[in-house]
Amino acid sequence: MTNEKWPVGVFASIDAGLGVQLDVVKELGIKAIQMHTPHKNSRTPEKAKEFIAKLQDVGAELTVVFCGFDGESYADIPTTQKTIGLVPPETRAERTQEVKEIADFAKLLGCDAVGIHIGFIPHEEDDPQTWKDLVAVAQEVCDYIANNGQYLHLETGQETADGLLKFIHAVDRPNLRVNFDPANMILYGSGEPIEALKKVGKYVRSCHCKDGKWSAKPGVDWGCEVPFGDGDVNAKKFLETLKEIGYEGALTIEREIPQEPERQKAEISKAKTLIEQIKAEIL
Ligand code: MG
């Protein structure tokens, strides 16, 4: 565990997900990563040993393993609502089991946090049964991973801060926390990110440094993801607010353009420089 406050991190992938490859992490001298879970076939004790050796070679600490499931699609907001996380009823049981398997694999990697886009949690008034079922499923996962000494980090964006708080209070488990992604609040049209961060601050245990621009129809059409510092988040204000809430963990850069690896690397490098400048100013 690094003792440095706010180590700059990056979202990385091995064989699934939108993050950068580990050679990029090494090249950029980044010391903390969140990792999209590898595919099912790669979640074995042997592979875990290989990954640990790779991480040691890169010199980066693994802070969160993020869940991802076959059949998920972020094509547009309605498709996301239908396909993401533990919300779709037809895959809920199977995916809940998979979260436990991912958590066990994260444990083999020595990682105490599992991140998840749980999906679009409906308002309790609109769909009381789904709400109740999701609370129960989150409790089940939290209780299972507590035995691994792990925390469950809910990725922000799909709910308002008030909606997320209501859900966290209903689940009522000490190992349920938040991975705060300020850009997602904008991209999904779920509310102004700095205000949201202040509201959920006490639950934030990891975060994404990602940026975005509001769409003309927030909540209907996607906003646009842009390099950290170029969007509507206000990077400096975001870090100042993290300081205000007492956050000390990694600042994990996320840039979801794996189809353009050179541009992705350059923009992550630029974001790292920006974060280091702001850290020097405000820490
Ligand atoms: Mg994110």
- prompt: What list of ³J(HN,Hα) couplings, whole Hz, do you get for segment 38-43 from phi and the Karplus terms 6.51, -1.76, 1.60, once you set θ to phi - 60° and write x for glycine and proline?
  reply: x, 4, 3, 4, 8, 8
field: Dimensionless Rg/Rh of segment 194-264 - Kirkwood Rh, Rg from C-alpha atoms
entry: 1.00
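Compactness ratio of segment 110-157: Cα Rg over 2.2 N^0.38 Å, N = residue count? Intermediate values should be presented prior to the final figure.
Working: Rg = 12.2 Å, N = 48, 2.2 N^0.38 = 9.6 Å.
Taking the Cα Rg and dividing by 2.2 N^0.38 Å, one obtains 1.27.
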Phi-based couplings in Hz for segment 226-241 (Karplus 6.51, -1.76, 1.60; Gly and Pro marked x): 9, x, 4, x, 9, x, 8, 5, 6, 4, 5, 4, 4, 5, 4, 6
Solvent-accessible surface ranking, highest first, for Trp214, Trp131 at 1.4 angstrom: Trp214, Trp131
message: For Gly9, what residues show an amide H to amide H distance below 5 Å, using hydrogens built from the backbone and excluding near sequence neighbours?
response: Leu251, Thr252, Ile253
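Among the trypsin sites (Lys or Arg not before Pro) within segment 1-69, which fall in a DSSP loop and have no more than 13 other Cβ atoms within 10 Å of their own Cβ?
Working: sites: Lys5, Lys26, Lys31, Lys40, Arg43, Lys47, Lys49, Lys54; in loops: Lys5, Lys31, Arg43.
Listed in order of number, the matching sites are Lys5.
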message: Below 8 Å between Cα atoms, with a sequence gap of 6+, how large is the relative contact order for the chain in percent?
response: 17 percent
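May I ask for the percentage of alpha-carbon pairs in segment 202-241 that lie more than 13 Å from each other? Spell out each step's value before the answer.
Numbers: 449 of 780 pairs.
The calculated P(r) of segment 202-241 puts 58 percent of pairs beyond 13 Å.
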For the chain, share of DSSP beta bridges that run antiparallel, in % to the nearest 5: 10 percent
query: Using modelled amide H (1.01 Å from N, peptide plane; none on Pro or chain starts), what sits under 5 Å from the amide H of Gln21, excluding residues fewer than 5 places away?
result: Ser13
statement: The long-range amide H neighbours of Ala113, using H built 1.01 Å from N in the peptide plane and a cut-off of under 5 Å, are Val65, Tyr151
task: Could you pull out the pairs from Lys54/Lys237; Lys236/Lys265; Lys47/Lys243 whose alpha carbons sit more than 31 Å apart here?
output: Lys54/Lys237; Lys47/Lys243
field: For segment 49-63, Karplus couplings with θ = phi - 60° (6.51, -1.76, 1.60), whole Hz, Gly/Pro x
entry: 4, 4, 5, 4, 5, 5, 5, 5, 4, 6, x, 10, 8, 8, 9
- prompt: Reported to two decimal places, what Rg/Rh ratio describes segment 8-282 when computed on Cα atoms with Rh from the Kirkwood expression?
  reply: 0.93
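For every helix of n ≥ 4 consecutive DSSP H residues, a contribution of -39,500 (n - 2.57) applies; sum these over the chain, divide by its total residues, and give [θ] at 222 nm rounded to the nearest 500 deg cm²/dmol. Could you put the intermediate results ahead of the total?
Working: 10 runs with 120 residues, N = 283.
So the helix-based figure for the chain works out to -13000 deg cm²/dmol.
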- line: With a Förster distance of 45 angstrom and the Cβ-Cβ distance between Glu281 and Asp70, calculated FRET efficiency to the nearest 0.05 equals 0.55
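The values are calculated or read from the model by the stated rules, or taken from the named source; none is laboratory data. Computed from a prediction, not measured in an experiment: that's the story for all the values here. For neighbour counting, all protein chains shown are included, and Cβ atoms are generated from backbone atoms with ideal geometry for every residue, glycine included. Surface accessibility is based on the protein's heavy atoms, side chains included, excluding ligands, DNA and RNA. Shrake-Rupley method; radii C 1.70, N 1.55, O 1.52, S 1.80 Å.
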